[in-house]
Amino acid sequence: MEFLIQQTMIYAVPLLIVALAGVFAERSGVINLALEGIMIFGAFVGVLFINTAQRYELFSKEQAQGLMLLTMAVTALSGALFSLLLSFAAVNLKANQTISGTALNLLAPALVLFLINVIANQNVLSMANGDAASWFMLKRADLGFTQTEELNFFERTFLIRNYLTTYICIAIFIILSVILYKTKFGLRLRACGENPHAADSLGINVYKMRYAGTTISGALAGIGGFVFALTTANASSTGDVAGFGFLALAVMIFGNWNPLSIAGASILFGLFKCIAAAYATIDINGDGVFALAELGISTNFYRMLPYLITLLVLAFTSKNSRAPKAEGIPYDKSTR
Amino acid sequence: MNKNLPSIENGRKLLQKDSFKTALSSLISILIGIIVGCIIVVIVAVASDEITFKGGIEGVKLILFGLLCKGRDAAGELVFGFNPVNIGNMLFRATPVIMTGLSVAVAFKTGLFNIGTPGQYLIGTAATLIIALSIPSDAVASWIIWILAFLGGMAAGALWGMIPGIFRAYLHINEVLACIMTNWIAANLVTWIFENSPFRNGAESGKVGYIMKTTANSVETPKFGLDRLFSGSQINAGIIAACLAAVIIYVIISKTTLGYELKACGSNRNAAEYAGIKGKRKIVLSMAIAGSLSGGAAALYYLSGNTEFFWSTYQSLPSEGFNGIPIALLAGNNPIAVIFSGCFMSALNIAGQQLKNFTAYNEFVTDIIIAVIVYLSAFSLVIKMLLSKRSKREILRGNRTTAPVNLAKSEIEPEERQADE
């Protein structure tokens, strides 16, 4: 059971953060299809940073948690910078946002694979020494437990063998959701996505707000990409995140652009991904019965399920969809 | 009156034509993309220890002329000339992307962004391979199997393409979202279909991850003598089929009532409905045509007999699908121009392979160039506006000395018109 919960959290947390990234961009009025590309770029920058820090011995293994936090900040910055390409095209040049997003999705893997090949002469960039689990996972010694102490369920599931990034990301999610819904800045941001002309008439600079929304979106997607590479790919960058960015888009749509529903949706989709990856070995209540394996449903069905149910939800609730009304439409003051 | 117009007027009229502006903006995008690629190559050459500046210049030469590269001579210098293997391979690889480019272009004409080409391509692959490998070739003649497999691939792609079309037409859901979902559903579905399939290549060692080539059932695209023209390459008659498809699509779009109705739905759906065109059915039909073209792309690629399909596709989507988007954008959605932009993209890919084979660079530089070109195409409208602003200024300046130009006419020149002549 701890395994199920831990694996679900590992898949759910990057989905959560990247779906929130999509929400920030779309709530400000810019369709951000480039989530996948920004994730790829963030993963690459994060792994490169760790690799360089290890090669030049700037951080020892005891300072690994500090290295991880610093890397998160660096990847946030890199994601924000990469998303500037999208915001420049969407806001200043009033370009077609879906095509610009697709262009960034094509640019990121090409750029990342090119740089990886130049740096490492192969198609994968990993850590210079050790692996992600031994360096960055929370171990008994970090938390003050001895090697043979008995741990209760809570400690076994949520404290040991987890990454600190999981909890930091959850905290970022809560803080940013509060900012989006309870502060003046968040209200103005949302206004720019629903009715930018009305917002403009009140003196809000719609261009700046859209830049802010897309930049925050890029930063979050960068963090999401790095967390994904760290926790699921053993801190290696391959120029690919296996469609996670698009799955986060599905989470955002399924969650109706609303943080609480997005949290629920990401846990659900994380559960599906976890089952798809490990269903033969999941023992739900520890009685030795692998119930899911005996159901006989193919793992491909579990992998397909998130996209299928998003399509079904789209089909049945399109009238209640709370998509920001002015998303995707470039804002032009002269059309007021 | 027209006969007496000075030739400067004719030049200005050319500059104002929408299709000319589209072509010019595409050329500018290509130019800037290639320049960015060359800059990256030179920067890497300067920054890296192993690659000298001379290596950087070689990289730039290969990006520009890679199609003509024949390798290195005894002195280690790059030799350029007519290379039939490269050109043949370029045409071979251009075949599927011309078809996916057509797919995206047809959808754009109707005002839809068909980003679901990878999913339709995958479903087409599955249908084609299953039909081509399951009908025993001793019972049925192999050319009949080829035609059945080709039509099956197109039909499967059409069905898959209709799904986002139905979502858009009847449920008012953005087709981009529906396409992205169907892409990944297709990726998992195809892996599921082939997971325990008898068509996996169990005969050759280590190849269980691939489906058998269609030559295993004696089905392959005929060469029609092209392999003697470009000997040593993988070319086959598929390129002729792709060009034929482009011509057929051009005829449908420009010369038939159906094409007119599709374009009308794309330009102004409300006006089209007012004129009696059933917009919803046209959207579904347009996506079905687009899907069938992507399925046909897959069919042409895998029926060639020398390609193997890696069936575990649930992690990544085929690049031929997404590469159709820049091809359609560069061609301004004109089906005949798609042939040329498809060949251009394919030539860029060959240049990337040459970079990998003959220099210390890798093939991803050309992918970067293609991505930059797509990025620039996103604001091709802005480039077109810049171009038309300049010609308006020249008209105003020239107005003082030559005969008065009809300013009113140039102002109502509709720049937002999407239907190309």
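What follows draws every value from the coordinates through simple rules; no lab data is involved. Just so it is clear, the model here is predicted, and its values are computed rather than measured. Using ideal geometry, Cβ is built from the backbone for each residue, glycine included, and neighbour counts are taken over all protein chains shown.
Numbers below:
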item	result
Among B:P198, B:P96, B:P222: highest mean-square fluctuation, GNM of chain B, C-alpha pairs under 10 Å	B:P198
Neighbour cut-off at most 14 other Cβ (10 Å), DSSP loop, chymotrypsin sites (Phe, Trp or Tyr not before Pro), region B:39-85	B:F82
Cα gyration tensor shape of region A:97-183, rounded if a/c is under 1.5, else prolate or oblate by comparing a/b with b/c	oblate
Nearest-0.05 FRET efficiency for B:I39 and B:T256, computed from C-beta distance (R0 60 Å)	0.85
Taking A:T238, B:T128 and counting other C-beta atoms within 10 Å, the order from fewest to most	A:T238, B:T128
Globularity index of the protein assembly as shown, i.e. its alpha-carbon radius of gyration over 2.2 N^0.38 Å	0.99
Estimated dipole of chain B in Debye, rounded to 20 [Cβ of Lys and Arg +1, of Asp and Glu -1, Cα centre]	1500 debye
At least 24 Å along the helix axis (C-alpha) and Kyte average at least -1.0, DSSP helices within chain A	A:2-27, A:35-55, A:64-87, A:97-120, A:164-182, A:206-232, A:259-278, A:299-316
Low-density loop cleavage sites - chymotrypsin sites (Phe, Trp or Tyr not before Pro) in region B:205-301, where at most 15 other Cβ are within 10 Å (DSSP)	B:F224
Pairwise label distance in nanometres, B:S48 with A:T52, each label 7 Å out on the Cα-Cβ vector	1.8 nm
Computed E for A:N205/A:R140 - FRET, C-beta separation, R0 35 angstrom, nearest 0.05	0.10
FRET efficiency, A:N258 to B:L64 (Cβ-Cβ, R0 60 Å, nearest 0.05)	0.70
Rounded if a/c under 1.5, otherwise prolate or oblate - region B:56-96, Cα gyration tensor axes	oblate
Neighbour-count order for A:H197, B:H172, fewest beta carbons within 10 angstrom listed first	B:H172, A:H197
Shielding of A:90-101 by partner chains, average beta-carbon count, 10 Å	5
Unit charges on C-beta of K, R, D, E only; dipole of the protein assembly as shown, Debye	2920 debye
Ascending count of other beta-carbon atoms within 10 Å, so fewest first, for A:L15, A:L220	A:L15, A:L220
Between region A:120-136 and region B:235-268, the Cα center-to-center distance that results, in Å	50 Å
Cα gyration tensor category, rounded, prolate or oblate, for chain B with a/c compared to 1.5	oblate
Burial ranking of peptide ranges B:23-31, A:304-312 (average Cβ count within 10 Å, highest at the top)	A:304-312, B:23-31
Point-to-point label distance, B:D73-A:D131, nm (Cα→Cβ direction, 7 Å offset)	5.2 nm
